[in-house]
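Enquirer: Would you mind keeping the following structure in view while I ask a few things?
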Amino acid sequence: MTSNRKAFSYDSIADTYATQIDEAPYNALYERPAMFGMMPAVDGARILDAGCGNGWYAEQLLERGARVDAIDASASMIEHARKRLASKLSEEGKDLLSLQHTDLVNPLPFDDNRFDGIVSPLVMHYIADWRPTLREMHRVLKPEGWLLFSTHHPATEMVRFAPANYFKVEHVVDTWKWLGEVEFYRRPLTEISSALSDAGFVIERLVEPVPTGELRRAKPDSYADLMRQPEFLLVLARPRSAVS
């Protein structure tokens with residue numbers, strides 16, 4: 001899949017995103033608890049935070065005993081993560097954490113079989129063709145490693161954008177009230193599954209997260225909306241060789 005479209009970047013909205021995302025209910029009280037509920041043990045593991053944003057996931061992974069390489073396509077977001085994680089970037093902690101400005105559509109700057117796990121929270125829908133990215137993830141994972149990611153729910157996007165052809169991967173421009181204009185790609189569930197399979201992964205778990213009681217108390221209307229229509233889809237996958 002090729003396009004002459006200029007790639008969407010978070011650089012122009014990084015300040016707003018970085019300062020508000022930790023309080024955004026769909027993230028703080030919905031996606032994040034669900035992700036950590038699915039995540040394999042990370043104590044002592046080397047983890048790639050693929051699309052680290054403001055560094056929240058990297059911070060949490062470090063607190064759980066992981067060693068973390070965090071990357072993001074936005075240079076501005078990397079600077080926000082650097083500020084957040086400044087105390088972790090000391091000389092004695094250099095083997096515990098690294099931050100790099102790296103786009104997931106490019107080859108990953110890591111050796112083969114480096115990582116025990118990859119976490120990619122709400123990032124994949126910004127990529128038009130998942131296959132090159134997933135192949136790179138497969139390459140840098142250990143044979144027994146795992147990939148955990150969250151993305152937009154295909155059925156919810158079908159309702160929201162009413163595409164003429166659900167089965168087509170489609171570029172979307174949307175406006176989020178708290179953030180502004182964003183661009184991403186809507187894709188069917190079949191394409192999510194096929195891209196993973198083509199890159200050598202097998203889906204271990206596929207979860208539509210149930211909103212938490214904390215979200216219900218904080219945002220009852222949002223809780224009711226999510227019970228009717230889940231916003232995100234979470235996938236835990238492993239290299240095919242690990243399960244064959």
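Enquirer: Which numbered condition trips up Ser193, out of (1) without any contact (Cβ under 8 Å) to a residue 12 or more places away in the chain; (2) more than 28 Å from Ala28 (Cα to Cα); (3) in a helix (DSSP H, G or I)?
Expert: All conditions pass for Ser193, except number (2).
Enquirer: Being within 15 Å of Thr151 (Cα to Cα) and not basic (Lys, Arg) narrows it down to one of Asp112, Asp129, Asp103, Asp72, so name that one.
Expert: Among Asp112, Asp129, Asp103, Asp72, only Asp129 is within 15 Å of Thr151 (Cα to Cα) and not basic (Lys, Arg).
Enquirer: For the range 208-244, which positions are more than 26 Å from Arg135 (Cα to Cα) and among the β-branched types (Val, Ile, Thr)?
Expert: Of everything in the range 208-244, those that are more than 26 Å from Arg135 (Cα to Cα) and among the β-branched types (Val, Ile, Thr) turn out to be Val210, Thr212.
Enquirer: Sticking with this one: Within the range 197-207, is even one residue under 22 Å from the mean Cα position of the chain (by Cα), part of a loop (DSSP other than H, G, I, E, B) and within 26 Å of Arg135 (Cβ to Cβ)?
Expert: Within the range 197-207, one or more residues are under 22 Å from the mean Cα position of the chain (by Cα), part of a loop (DSSP other than H, G, I, E, B) and within 26 Å of Arg135 (Cβ to Cβ).
Enquirer: Something else now. Among the residues of the range 51-69, is any at pLDDT 95 or above, in a strand (DSSP E or B) and under 30 Å from Ala7 (Cα atoms)?
Expert: yes
Enquirer: Let me ask you something else. So which of Glu157, Glu136, Glu79 ends up being part of a helix (DSSP H, G or I), among the charged types (D, E, K, R) and in contact with a strand residue (DSSP E or B) (Cβ under 6 Å, 6 or more places away or on another chain)?
Expert: That would be Glu157, the only listed residue that is part of a helix (DSSP H, G or I), among the charged types (D, E, K, R) and in contact with a strand residue (DSSP E or B) (Cβ under 6 Å, 6 or more places away or on another chain).
Enquirer: Out of all the residues in the range 123-133, which are surrounded by 21 or more Cβ atoms within 10 Å (Cβ to Cβ) and part of a loop (DSSP other than H, G, I, E, B)?
Expert: Val123, Ile127
Enquirer: Can you tell me which residue within the range 104-122, out of those that are assigned to a loop (DSSP other than H, G, I, E, B) and in contact with a Lys or Arg (Cβ under 6 Å, 6 or more places away or on another chain), is farthest from Ala45 (Cα to Cα)?
Expert: My answer is Asp112.
Enquirer: May I pose another question? Just one of Ser194, Ser241 is hydroxyl-bearing (Ser, Thr, Tyr), surrounded by 12 or more Cβ atoms within 10 Å (Cβ to Cβ) and either more than 28 Å from Ser12 (Cα to Cα) or touching a Cys at 6+ places or on another chain (Cβ under 7 Å) (or both); which is it?
Expert: It is Ser194.
Enquirer: Looking at the range 139-173 only, could you name the residues that are loosely packed, with under 15 Cβ neighbours inside 10 Å, without any contact (Cβ under 8 Å) to a residue 40 or more places away in the chain and under 20 Å from the mean Cα position of the chain (by Cα)?
Expert: The answer is Val173, and nothing else.
Matching residues to (1) touching a Pro at 6+ places or on another chain (Cβ under 8 Å); (2) farther than 19 Å from Met38 by Cα:
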{"position": "Leu122", "(1), (2)": "no, no"}
{"position": "Pro132", "(1), (2)": "no, yes"}
{"position": "Leu147", "(1), (2)": "no, no"}
{"position": "Thr151", "(1), (2)": "no, no"}
{"position": "Thr156", "(1), (2)": "yes, yes"}
{"position": "Val159", "(1), (2)": "no, yes"}
{"position": "His171", "(1), (2)": "no, yes"}
{"position": "Trp176", "(1), (2)": "no, yes"}
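The values are calculated or read from the model by the stated rules, or taken from the named source; none is laboratory data. A quick note: this is a predicted structure, and the numbers were derived from the prediction, not measured. Note that each Cβ is placed from the backbone with ideal geometry, even for glycine, and that neighbours are counted across all protein chains shown.
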